[in-house]
Each structure stands twice: as structure tokens, then as C-alpha cells.
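Worksheet for the structure shown next.
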Amino acid sequence: MKPSHLLPVASTLLALLAGFSPPAAAQPEPGRPPRAGSPEALFPSQTVPKNERERKILAVLEDMDKTQRRGSLSVPVNDGRLLRILAESIGAKQVVELGTSIGYSGLWFCLALESTDGRLTTFEIDEGRAATARANFKRAGVEDRVKLVLGDAHEKVVSVEGPVDLVFLDADKEGYLDYLEKLLPKLRPGGLVVAHNMSGGQADPRYVKAITTNPELETVFVSAGASGIGVTMKKR
Ligand SMILES: C[S@@+](CC[C@H](N)C(=O)[O-])C[C@H]1O[C@@H](n2cnc3c(N)ncnc32)[C@H](O)[C@@H]1O
């Protein structure tokens, strides 16, 4: 990989390691240091829409945050922003997500895929959540970018055709190793496997072992609130 191509990824990871900020609603004035005693140690930030397409998707995300978050198990807003940065900085054309829920993280990926002209394949076992996700993708105007597969992802994921640029694991935690084994051969060199809920109490130790002992992989864990995210790169 040319050094210039490493820059976006490197700067992304630096941003990750630097930390996360509170949701847009709680933002103080841009550029102002965090308040003394604030749980956030770093500067707050928010996504500023670049164009009408972004504005439309962000409006749906904001509405979902306000009216649909409860019980949806959606990632926190800054985790979503991180997913978008990761996908867009590696120029992802094909993102595969395990665990759609109502489409919140999927929509963050769509912000990236709008600029890379890529596609999202996302798997959900729950019919009701899948229906809500479809409606959310539609009102954000990204339904043509998204293939939502209803059913048990452990079975359905074998239908994915590579090359995959980014895999996001956010379904059944004990299933992460199985998803990794099925999708790693389809991940392109330089591609990422991003795993949510990687904090000590939640992560499956078998998955953690797999991503931290394989010499073909480079993994770093970042702390995004309580969740913990594993970012694993398939080496070139
Ligand atoms: C944490 S939620 C996903 C949240 C979503 N990624 C977001 O942040 O917007 C996990 C989802 O995985 C789904 N799920 C669990 N096991 C699954 C399986 N075997 N196949 C497909 N989906 C599954 C659940 O129904 C649930 O909606």
C-alpha cells in the first residue's frame, strides 16, 4: 500500500484512539474545551452536513435518536459516526453488517456509501425490526444502496460474495467467531472487521483470541463509552 493511502486510515485510528464526544443535542459551542468535570475528556464534535443528501440522512438519524432508540439496541451516536469514518476512509464499496436492528448503524454506513458509491448488505433475524429498518432506509432515500436479508445470519451470510471492504459485527455476541470464520476469506486485504460490544464483560473470549493471535490480522480496541469496539485490519 502506498504511504499516501495509509494516511486516511492512520488519521482515522488516531481519531478513534483520541476518544469520543457527546451527542449533538448536548454540544457546547464548537471548539470550546469540555466543561470541567464533564465525563468527556476531549473536544466535542458533531457531523455537519456537506450537502442535501447528507442532510436528509442525518435528519432521519436524529429523528430515530429521539423517537425510536428505546429498545432498539442501536449503537451510540458517536459509534455510528466512527463507523462512517472507517468505511469512508477505506473507500468501502461493500459493507456487510450483522445485526441491522432498526437500521441506525446502517444509516451511518450509508453516509459513507453515498460518497464511495458503495452498498450495504445487512442481516436481521427479527421481522419487526427489519420492517422498521426498511422504512427508515426508505425515508432516508438510501433503499437502493441497502440489501436487508431477513433470517439467521449464521446461515444467510454464506451467500455474501467478496470482496468485502468492511464487516460490522453487532448481532449475537457468541456468534462473532462464526461470522469471522465465514467472512474473513471474503474480506479484501486492507479491509476491516469492526466488532461492537468488545468490553470485558460482553466480548466472547474465543473471538478476542482469534483476532489478537492471528498474524494476518492487526487489532486495536477503542473505548467508545461503555461499548468498546474492536477494529481489526486484514493485513496486506
Ligand atoms: C445490537 S442490535 C444491532 C444494532 C444495530 N447494528 C444498530 O446499531 O443500529 C443486534 C441485532 O442483531 C439481531 N440478531 C441477533 N442474532 C441474530 C442472528 N443470528 N441473525 C441475524 N440477526 C441477529 C437482533 O435481532 C438485533 O436486532
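Please quote Rg/Rh for the range 96-236 to two decimal places, taking the Kirkwood radius as Rh and restricting both calculations to Cα atoms.
Taking Rg over the Kirkwood Rh, I get 0.95.
Rg(Cα) of the range 26-181 divided by 2.2 N^0.38 Å?
Taking the Cα Rg and dividing by 2.2 N^0.38 Å, one obtains 1.07.
For the pairs LYS56/LYS138; LYS173/LYS209; LYS156/LYS186; LYS138/LYS182; LYS182/LYS209; LYS56/LYS93, flag any whose C-alpha to C-alpha distance is greater than 19 Å.
LYS138/LYS182; LYS56/LYS93
Give me the percent of DSSP beta bridges within the range 110-209 that run antiparallel, rounded to the nearest 5.
Percentage antiparallel, nearest 5: 0.
If you take the square roots of the eigenvalues of the alpha-carbon gyration tensor of the range 68-108 and sort them as a ≥ b ≥ c, do you get rounded (a/c under 1.5), prolate (a/b over b/c) or oblate?
oblate
Using Cα positions and a limit of under 19 Å, work out the aspartates and glutamates in reach of LYS147, with same-chain residues fewer than 8 apart set aside.
Of all the aspartates and glutamates, those that pass the test against LYS147 - Cα under 19 Å, at least 8 places apart if same chain - are GLU88, GLU97, GLU114, ASP117, GLU124, ASP126, GLU127, GLU155, GLU161, ASP165, ASP170.
Please say if the range 142-199 is rounded, prolate or oblate, where rounded means a/c under 1.5 for a ≥ b ≥ c the square roots of the C-alpha gyration tensor eigenvalues, and otherwise the choice is prolate for a/b larger than b/c and oblate otherwise?
It is rounded, given that a/c, with a ≥ b ≥ c, falls under 1.5.
Give me the one-decimal nm value for the distance between modelled label points at SER115 and LYS93, 7 Å along each residue's Cα-to-Cβ direction.
With each label placed 7 Å out from Cα toward Cβ, I get 1.9 nm.
With just the Cα atoms defining each centre, how far is the range 44-62 from the range 155-223? Give it in Å.
28 Å
Please state the equivalent ellipsoid semi-axes for the range 118-161: what are the square roots of 5 times the Cα gyration tensor eigenvalues, largest first, in whole Å?
Over the Cα atoms of the range 118-161, the semi-axes work out to 19, 14, 4 Å.
All of the numbers you see were taken from the coordinates with simple rules; none came from a lab. This structure is a prediction, so every number in the text was calculated from the model and none was measured. Counting neighbours? That spans all protein chains shown, and the Cβs are built from the backbone with ideal geometry, glycine included.
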